[in-house]
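Please treat every number below as a calculation from the coordinates, not as lab data. What you see is a predicted model, and the numbers here were worked out from it, not measured in a lab. Here the Cβ positions follow ideal geometry from the backbone for every residue, glycine too, while neighbour counts run over all protein chains shown.
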Amino acid sequence: MDTPIHMRKIIHVDMDAFYASVAQLDDPSLAGKAIAVGGGGKRGVVSAASYEARKFGVRSAMAGALAIKLCPHLIFVKSDFDRYREISEKVRTVFFEYTDLVEPLSLDEAYLDVTQNKKGNPSASLIAQEIRAKIKQRTGLNASAGISVNKFVAKIASDYNKPNGQKTVPPEDVLDFVAALDIKKFYGVGKVMKEKMYRFGIYTGLDLKAKSLEFLEENFGKSGPFYFHIVRGIHHSKVSPQRTRKSLAAERTFGENISSELYMIERLQDIAQEVERRLKKNKVAGKTITLKIKYSDFTLQTRSKTLPHYIATKALLMEHVTELLYQEKMKNSVRLLGISLSSLNNEKKESLKVSEEKKYDVQMKLEF
């Protein structure tokens, strides 16, 4: 029998500045210094930044040239994904000592459902403390955690006391917690959506709660019901150990801008090879091919097509990617190319039944 949604105990564990912290762990001379992973050279992009670098405004996805302007003493280090995966496996081993309901989101974060756990510990907060302590002991790295009754609140809470901290939002506090949130902290609210929310006078969770379901559906489409329910503490999504991958992709940023389509084809060959490798590793194929193009002026364009059949090989990828490349004339020289394949054959075809949402029980007090 499923645990009622208002009685679940969910932990979101997030490693602190993971890539940068691994670099500092492996090279003690970098401890306490402002470092950025990746981003080297005039065309590089920052993959991750240490907390020391973040104080200067350095962030992931930032151009390396801008990062060095903000933080002149910034030290760039290379990515080491083999090492990241090695440590990530150690961290996940800790998770599985407490529950089999572990949903990895990436190498450095995961959801855990500890409602029923292997230690028989009724306190999710104490479990989170134990997990963080074991991660530190076994890897030398710090992790932060958020604890609550659903994934949405737990994920937001894990960011509150970073680094090396945790925050618990028990059932009776969820509604007040969500109401006080800045709308930009809501999952799915990016820069564009934030501005749209602002135009409607929605700046906090409380503002969002004041809007009717009809208003949200009319102005935010399919996301409307999600926002309506989440601000009322209702989030049905379970911790799923087998997350269904929606797409596989690879991309490359070039040292110099590319203007020749022939040279682009050469680069796309390498990218398609990497996509094929990832498809084989995950034992999937897909139908929808998307070509991603970022021009030298940083404008982004995507071109897609959906096939009647599944594909998974470099040869077939290139056949259709080439067609997409020549679909229209390039607007400018190109700094990045990417290929993704979606509509994968691992997606479960289930009929979804929409049931009436149960009222959130704020009186339920659990041992959190």
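Spot the failing condition for Phe152; the list is (1) more than 21 Å from Gly233 (Cβ to Cβ); (2) in contact with a helix residue (DSSP H, G or I) (Cβ under 8 Å, 6 or more places away or on another chain), and only one is missed. It is condition (1) that Phe152 fails.
Looking only at the range 188-209, which residues are assigned to a loop (DSSP other than H, G, I, E, B) and either loosely packed, with under 13 Cβ neighbours inside 10 Å or touching a residue at least 60 places away in the same chain (Cβ under 8 Å) (or both)?
Gly188, Gly190, Gly201
Ala31 - would you say it is surrounded by fewer than 20 Cβ atoms within 10 Å (Cβ to Cβ) and without any contact (Cβ under 8 Å) to a residue 24 or more places away in the chain? When the stated conditions are applied, Ala31 passes them. Taking residues in the range 295-313 that are over 22 Å from Leu66 (Cβ atoms), and partners anywhere that are of a type in the set (Gly, Ala, Ser), the pairs with Cβ atoms closer than 8 Å and at least 6 places apart or on different chains are Thr306/Ser343; Tyr310/Ala285; Tyr310/Gly286; Ile311/Ala285; Ile311/Gly286; Ala312/Ala285; Ala312/Gly286.
When the strands (runs of 3 or more DSSP E) confined to the range 42-114 are screened for residues that are of a type outside the set (A, V, I, L, M, F, W, C) and either buried (at least 19 other Cβ atoms within 10 Å of the Cβ) or in contact with a Lys or Arg (Cβ under 6 Å, 6 or more places away or on another chain) (or both), those reaching at least 2 such residues are found at 109-113.
Restricting the search to helices (runs of 4 or more DSSP H) fully inside the range 221-340 and requiring at least 1 residues that are of a type outside the set (Lys, Arg) and closer than 30 Å to Gly205 by Cβ gives 223-230.
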